[in-house]
Number of protein chains: 2
Amino acid sequence: MQEKSAKNTIEVCFSPHSFPLYPHEECIVVVIDVLRATSSICAALHSGVERILPVASVLEARNYQSKGFLCAAERQAQKVEGFDLGNSPSEYRNPKLKGKIIVFTTTNGTQAIRAAREAYRIVIGSFVNMTVLCEWLAKQHKNIILLCAGWKDFFNLEDTLCAGAIAHTLDKTNLFETNYDSTLAAKTLYETAHKDLIGFMENSSHFKRLEKLNLADDVKYCLTLDLAPVVPIMEGNYIIHHK
Amino acid sequence: MQEKSAKNTIEVCFSPHSFPLYPHEECIVVVIDVLRATSSICAALHSGVERILPVASVLEARNYQSKGFLCAAERQAQKVEGFDLGNSPSEYRNPKLKGKIIVFTTTNGTQAIRAAREAYRIVIGSFVNMTVLCEWLAKQHKNIILLCAGWKDFFNLEDTLCAGAIAHTLDKTNLFETNYDSTLAAKTLYETAHKDLIGFMENSSHFKRLEKLNLADDVKYCLTLDLAPVVPIMEGNYIIHHK
């Protein structure tokens, strides 16, 4: 809940399902889907992808594909058959993608982006762009909602830890009010886990899901700070690298 | 999300708003509203109150009052004008209430009870009945959802800490699967905070709300283990002390 304060606020929303409860039209919403959509988006823009068009459904992505667009689709942590790309950041760390436009749909991440479409501004967050993202956020003088994409509307740990890391980092600027219950919880979890994020994550549901699919390298990439230092923001329907 | 396991599961749901996402018809749902509804319910039954009728609206409570029932109503952390009782556990630690029936409506707690009405069984949880509650839960051989009442559908810290304490305690029995993301988060928060729950809670929203109303004694009571060792369960429309 927003309460009056001279400082700008940082609140965490644990799932797109709860997001409509938060007044957000005047807020910057940071969409976080660490494993793996927002990490992949950062990786893609860092590789020089010109822009990304997030779409909510596989059907929409297929329509774009039939018109000749380069399309990425993931459901249940796997690439959807017939698409050019899936949701592994390793696919997007590819210099050949420089200058391309990519249409992108994933299980959770693109749904969260859609949920936030009426926000003042949507920006993409992950561990891989933590430092530049926080530097950018600190300059905006707006209230912030950290929107965890979760897993099919359920709470998840990795997005919460990332939200906690952002709140922890911005707290040091002394520019923000962070004593909301959800923000305190996320920050505390991050501060408890940060020395060994991968170890802490080992019991989590999505970690196991990805491990079964031999995606341990993806997990390691996605939980590492500052590997893709970009600030992806929504401009109209596209995500671009804000320079 | 429920996943297959030989053990019974313990999941935490952070708000009544998210509760419909959880399949719960076959589950025991522990409704948790530490500050203060579920603590007051425990205090009342421990004082010998015969049964409690939770109702969702003040209007319903007024109807019962007009029929001569003893009625409690709280909104915005304060007693609603014209009612016999509010939502302070201190009002319920009163031997004169022995044998009484109380109609009860609160901002969050009774709404959460209502949200869970299709569960296999509803039981009331708080720090004040932690040990006996966990002993009872361990004997039921059912999946458990720890439903945090939150604050107006938002996440709150005190209910999450209590859910974490229950998961932490039951984890030791080795009877349960607790590695769901929400359960891991709640457990970790409790394990981080448990040595100084009140200190940890000092920055939380509801703590401040109650402090402003001079309810620090209530907070202290509600965060203390085992002061009201009862197992309040729903039987039909009533909450009774399961003996």
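All of the numbers you see were taken from the coordinates with simple rules; none came from a lab. Keep in mind it's a predicted model, so treat the numbers as computed, not measured. Cβ coordinates were reconstructed from backbone atoms using ideal geometry, including for glycine residues, and neighbour counts include every protein chain displayed.
For a quick check of your reading of the filter: which trypsin sites (Lys or Arg not before Pro) in region A:103-183 sit in a DSSP loop and have no more than 16 other Cβ atoms within 10 Å?
Counting only loop positions with at most 16 other Cβ atoms within 10 Å, the trypsin sites (Lys or Arg not before Pro) in region A:103-183 are A:Arg117, A:Lys139, A:Lys142, A:Lys152, A:Lys172.
Label 7 Å along Cα→Cβ of A:Leu225; region A:106-134 residues with amide nitrogen under 19 Å?
Residues A:125-134 fall inside that zone.
Going 7 Å from Cα along the Cα-Cβ axis for the label, what nanometre distances separate A:Leu213 from the same residue across the other copies?
Values, ascending and in nm: 4.7.
What is the calculated FRET efficiency for A:Arg117 to B:Leu21, with r their C-beta to C-beta distance and R₀ = 25 Å, to the nearest 0.05?
Given R0 = 25 Å and the Cβ-Cβ separation, E is 0.70.
Give me the one-decimal Kirkwood hydrodynamic radius in Å for the protein assembly as shown, with the sum taken over alpha-carbon pairs.
23.3 Å
Run the quick spin-label model on A:Glu191 and A:Asn203: label points 7 Å from Cα toward the beta carbon, then report their separation in nm to one decimal.
2.1 nm
Please compute the length gained on full extension between A:Glu50 and A:Ala216, using 0.36 nm multiplied by the number of residues separating them and subtracting their Cα-Cα distance.
Extra length available between A:Glu50 and A:Ala216 comes to 57.0 nm.
Taking the dipole about the Cα centre of region A:8-241, with the C-beta of Lys and Arg at +1 and of Asp and Glu at -1, give me whichever of A:Ile240, A:Pro23, A:Ser126 is farthest to the positive side.
A:Ile240
State, to one decimal in nm and shortest first, how far the label point of B:Glu25 sits from each corresponding label point in the other identical copies (label point: 7 angstrom along Cα-to-Cβ).
For B:Glu25, the other copies' label points sit at 4.0 nm, shortest first.
Taking only DSSP H segments of four or more residues, each worth -39500 (n - 2.57), what value at 222 nm results for chain B once the sum is divided by all its residues, to the nearest 500 deg cm²/dmol?
-10000 deg cm²/dmol, from helical runs alone.
Determine the dipole magnitude for chain B: charges of +1 sit on the beta-carbon of Lys and Arg, -1 on that of Asp and Glu, nothing else is charged, the reference point is the Cα centre, and the result goes in debye to the nearest 20.
With Lys and Arg at +1 and Asp and Glu at -1, about 600 debye.
Distances from A:Val132 to the same position in the other copies: list them in nm, one decimal, shortest first, using label points 7 Å from Cα along Cα→Cβ.
Reported distances to equivalent positions: 5.9 nm.
Given all pairs of different Cα atoms, what value in angstroms does the Kirkwood hydrodynamic radius of region A:8-241 take?
Result for region A:8-241 stands at 17.3 Å.
Would you calculate the separation in nanometres between label points at A:Asp84 and A:Lys243, each defined as 7 Å from the Cα along the Cα-to-beta-carbon direction?
Between A:Asp84 and A:Lys243, the simple spin-label model gives 2.2 nm.
Along region A:110-122, what does the Karplus equation 6.51 cos²θ - 1.76 cosθ + 1.60 (θ = phi - 60°) give for ³J(HN,Hα), rounded to whole Hz, x for Gly and Pro?
For region A:110-122, the Karplus-derived couplings read 6, 5, 5, 4, 5, 4, 9, 5, 9, 5, 4, 7, 10 Hz, x marking Gly and Pro.
Work out the mean other chain Cβ neighbour count within 10 Å for the residues of A:151-158 and drop it here as an integer.
5
Could you check which residue among B:Leu59, B:Leu223, B:Leu184 shows the biggest mean-square fluctuation in a GNM of chain B with a 10 Å Cα cutoff?
With Cα springs under 10 Å in chain B, the top fluctuation among B:Leu59, B:Leu223, B:Leu184 is at B:Leu59.
Using modelled amide H (1.01 Å from N, peptide plane; none on Pro or chain starts), what sits under 5 Å from the amide H of B:Cys13, excluding residues fewer than 5 places away?
Sorted by chain and number, the residues that satisfy this are B:Leu146, B:Leu147, B:Cys148.
Consider the operator that turns chain B into chain A: which B residue has a Cβ nearest its axis, and what is that gap in Å?
Per the Cβ-to-axis criterion, the result reads B:Thr192, 3.
Quick one: which of B:Lys152/B:Lys208; A:Lys208/B:Lys139; B:Lys79/B:Lys208; A:Lys96/A:Lys208; B:Lys195/B:Lys243 span more than 20 angstrom between C-alpha atoms?
The answer is A:Lys208/B:Lys139; A:Lys96/A:Lys208; B:Lys195/B:Lys243.
Using the Karplus curve 6.51 cos²θ - 1.76 cosθ + 1.60 with θ = phi - 60°, what ³J(HN,Hα) values do you get for each residue of region B:42-48, in whole Hz, with x for Gly and Pro?
In residue order, the calculated couplings are 4, 4, 5, 5, 5, 7, x Hz.
Step through the table entries A:Lys100/A:Lys220; A:Lys142/A:Lys172; A:Lys7/B:Lys187, compare each Cα-Cα distance with 28 Å, and write down the pairs that go over it.
A:Lys7/B:Lys187
With a 10 Å Cβ neighbour count serving as the proxy for reagent exposure, in which order, fewest first, do B:Phe200, B:Phe14 appear?
Going from sparsest to densest Cβ surroundings: B:Phe200, B:Phe14.
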